[in-house]
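S.K.: One structure, pasted below without further comment.
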Amino acid sequence: MRKQQVSVLMLQETHFRKDHVPRLSHLTYNRWYHSTWPSSASKGVSIAFHKNFPMIVSSPLVDPEGRYIFIKGNIWSCTYTFGNLYAPNLAQAKWICKVIDLLKDFSEGTLILGGDLNLSLQPSLDSSTGLSSTSHLALRRVNVAISSLGLTDVWRVLHPTDRDYSHYSVAHKSYQRLDYLFIPTHLLTSCSRLVTSFRSCSGLCRGRFEVLT
C-alpha cells in the first residue's frame with residue numbers, strides 16, 4: 001500500500017467486534033474509522049487515511065450493523081465525503097438503494113464511494129457467465145440510484161470492454177466483479193489513471209486513482 005501511495009483505504013469484512021477493535025498504530029495510516037457488528041466478529045468496514053492526507057474529519061456516520069461507514073470533512077477549503085459499503089448476500093439491491101438514500105442526506109461536497117456490493121452491476125461484463133441472480137429490474141434500480149448521486153463506475157469508464165474479477169463463487173463456478181469505486185462524473189476528465197488491485201481474501205479491495213486539479 002505504501003508502494004502504491006494509497007491515500008485512503010477502504011476495507012470490507014474486517015471482522016472486528018464492537019467491544020474488541022484492535023488499536024491499529026500503523027506508521028503510515030494513523031487515522032482509522034470503523035463500523036462493527038456488535039455481537040460477533042463478522043461483517044465490518046473501515047476507512048483509514050494516510051498520515052500526509054490533509055483531511056480534517058468533521059463527522060462520521062457509522063452503521064450499527066457493520067455494513068457501511070461514511071466520513072465527511074475538509075481538504076483545504078473543499079468538503080469531501082468518503083463512503084465504504086459491504087452489502088449483504090441477500091436482497092443486495094434493496095439494501096444498496098436504502099443506504100444510498102441515507103448517503104444523499106449525509107454527503108456534502110465531492111463524494112467518493114467504494115466497497116463490496118455483492119452483486120455485479122453489469123453482468124454481461126462483470127460476470128464470467130454473463131448472468132446474475134439479481135433481476136434486471138433490481139440492477140437497473142441500483143444503477144439509477146448510484147447515478148442519482150452524480151457518480152460513475154470509474155474503472156468501467158476507463159476500461160469499457162475489459163474483464164477483471166474480484167470474486168470466485170465455488171457454488172456457481174463463476175467469477176464476478178463485486179468491488180467498485182465510484183467518483184463524480186465531472187472528475188472523469190481530470191482522472192489521469194486508475195490502478196486497481198482486487199483481493200477477495202480478507203475482503204480487501206484496493207484502488208488508486210490520481211485526479212489532476
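S.K.: What are the residues whose amide H is under 5 Å from the amide H of E13, where those residues sit 5 or more places off or on another chain and H is modelled from the backbone?
M.R.: Answer set, sorted by chain and number: G44.
S.K.: Show me the ranking of peptides 180-187, 153-160 by mean Cβ neighbours inside 10 Å, starting with the highest.
M.R.: With the highest mean Cβ count within 10 Å placed first, the list reads 180-187, 153-160.
S.K.: Pairs K43/K94; K51/K94; K43/K98; K51/K173: which are spaced more than 30 Å apart, C-alpha to C-alpha?
M.R.: Too far apart for the 30 Å limit: K51/K94; K51/K173.
S.K.: Can you run phi through the Karplus equation (6.51, -1.76, 1.60; θ = phi - 60°) for segment 167-182 and list ³J(HN,Hα) in whole Hz, with x for Gly and Pro?
M.R.: Karplus-based 3J(HN,Hα) across segment 167-182 equals 8, 10, 9, 5, 4, 9, 6, 9, 9, 9, 9, 10, 9, 9, 10, 10 Hz.
S.K.: Would you mind getting me the FRET efficiency between L158 and N52? Use the beta-carbon distance for r and R0 = 35 Å, nearest 0.05.
M.R.: According to the calculation, E is roughly 0.85.
S.K.: Moving on. Taking amide H positions as placed 1.01 Å from N in the peptide plane, with prolines and chain starts having none, which residues 5 or more places from N30, or on another chain, fall under 5 Å of its amide H?
M.R.: F49, K51
S.K.: What are the ³J(HN,Hα) couplings of segment 119-128, residue after residue, when phi is run through the Karplus curve with 6.51, -1.76, 1.60 and θ = phi - 60°? Round to Hz, x for glycine and proline.
M.R.: Listing the rounded values in order: 7, 9, 5, 9, x, 4, 10, 8, 10, 5 Hz.
A short reminder: the numbers here are calculations on the coordinates, not readings from a lab. Keep in mind the model is a prediction, meaning the values are calculated, not measured. Every residue, glycine as well, gets a Cβ built from its backbone with ideal geometry; the counts of neighbours run over all protein chains shown.
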